[in-house]
Amino acid sequence: MMKRIATVAMLLGMVSTAWAAGDPVVGKQKAALCIGCHGVDGNSSNPDWPSLAGQHAEYLTKQINDFKSKARVDGTMNAMVGSLNDADTANISAFFASNKAKVMGANKESIELGKNIYRGGIAKRGVAACASCHGPSGAGNPAAKFPALSGQHAKYTAKALNDFASGARSNDAQSMMRDVAVKLRANEIKAVAEYIAGLN
């Protein structure tokens with residue numbers, strides 16, 4: 001599993017060299033439609049919608065492009081990004097990446113189980129540690145397009161994991177997230193999501 005992760009990370013790192021940096025000042029203007037859900041600075045106040053502040057621009061660009069191509073399906077997002085060109089996408093991504101994420105608190109009842117899964121995985125079920133791709137502090141890996149997770153809404157993270165587990169979301173490289181999420185039980189998804197919400 002670790003060899004596969006390293007190989008995918010290397011390949012994605014090679015692809016990311018073609019990524020063009022955007023202008024966060026222009027992106028702020030272009031993000032006017034985004035802030036209604038994701039917050040003025042990318043810190044969403046609604047746990048149904050992800051916070052984008054501080055997220056890697058490369059990852060945001062990939063997600064926008066996946067919504068545009070419908071490799072990732074969400075009725076609202078597919079419609080919202082349909083008219084964006086490559087420059088708009090790069091600029092919006094740069095704007096959200098330039099802002100600081102606000103870390104929320106974790107549910108204390110879930111911390112221990114969530115921490116164990118995040119840091120050590122579940123070996124007997126072949127669940128890799130979240131930290132192996134997303135880092136011990138949840139900072140992610142921009143070169144590999146592995147997102148920052150620190151402080152993300154627990155409700156949104158749980159939804160993402162459930163979507164990967166069911167196959168409703170399938171834009172992960174080589175099914176990496178689907179392979180992990182499908183092996184997690186409901187209480188484990190909740191626990192790891194709660195732990196991530198307070199991770200920094």
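The calculated FRET efficiency for S175 paired with S137, based on their beta-carbon distance and R0 = 30 Å, is about 0.70.
With both labels modelled 7 Å from their Cα along Cα-to-Cβ, the K100 to A186 distance reads 3.9 nm. Comparing A148, A32, A181 in a Gaussian network model of the chain (Cα springs below 10 Å), the most mobile by mean-square fluctuation is A32.
Given R0 = 22 Å, the distance between the Cβ atoms of D23 and A71 translates into a calculated FRET efficiency of 0.30. When the convex hull of its Cα atoms is viewed from all sides, the chain shows a mean projected area of 10.1 nm². Here's the list of lysines a cross-link from K183 could span, going by alpha-carbon distance under 26 Å and ignoring same-chain residues fewer than 8 apart: K3, K62, K70, K108, K115, K124, K145, K155, K159.
Here is the P(r) of segment 110-157: all C-alpha pair distances, binned every 5 Å from 0, give 6, 21, 26, 27, 15, 5, 0 in whole percents.
Remark: the I122-S83 segment gains 9.8 nm on full extension, using 0.36 nm per residue and subtracting the alpha carbon distance.
For the peptides 85-91, 57-63, residues were scored by their other Cβ atoms within 10 Å and the scores averaged per peptide; the highest-first order is 57-63, 85-91.
Under the criterion of Cα pairs below 8 Å and six or more residues apart, the relative contact order for the chain equals 26 percent. What you get for the chain, charging only the Cβ of Lys and Arg (+1) and of Asp and Glu (-1), is a dipole of about 540 debye around the Cα centre. If I take R0 = 30 Å and measure r between the Cβ atoms of N46 and E109 in this structure, what FRET efficiency does the formula 1/(1 + (r/R0)^6) give, to the nearest 0.05? Rounded to the nearest 0.05, the efficiency is 0.85. Counting every Cα pair in segment 89-175, what percent are over 17 Å apart? So the portion of pairs separated by more than 17 Å is 59 percent.
Here the accessible area of segment 106-169 is 56 percent carbon and sulfur, with a 1.4 angstrom probe and all protein chains present.
How much net charge surrounds I117 when only other residues with a Cβ under 12 Å from its Cβ are counted (Lys, Arg +1; Asp, Glu -1)?
Computed value for this residue: +3.
In terms of packing, defined here as the mean over residues of other Cβ atoms within 10 angstrom, the peptides 45-52, 104-111 line up highest first as 45-52, 104-111.
Per residue, segment 49-115 exposes 51 Å² of solvent-accessible protein surface, assessed with a 1.4 angstrom probe and all protein chains in place.
The values are calculated or read from the model by the stated rules, or taken from the named source; none is laboratory data. Model, not experiment: these values are computed from the prediction. When we count neighbours, we look across all protein chains shown, and the Cβ atoms used for this are built from the backbone with ideal geometry, even at glycine. Heavy atoms of the whole protein, side chains included, go into the accessibility calculation; ligands, DNA and RNA do not. Shrake-Rupley method; radii C 1.70, N 1.55, O 1.52, S 1.80 Å.
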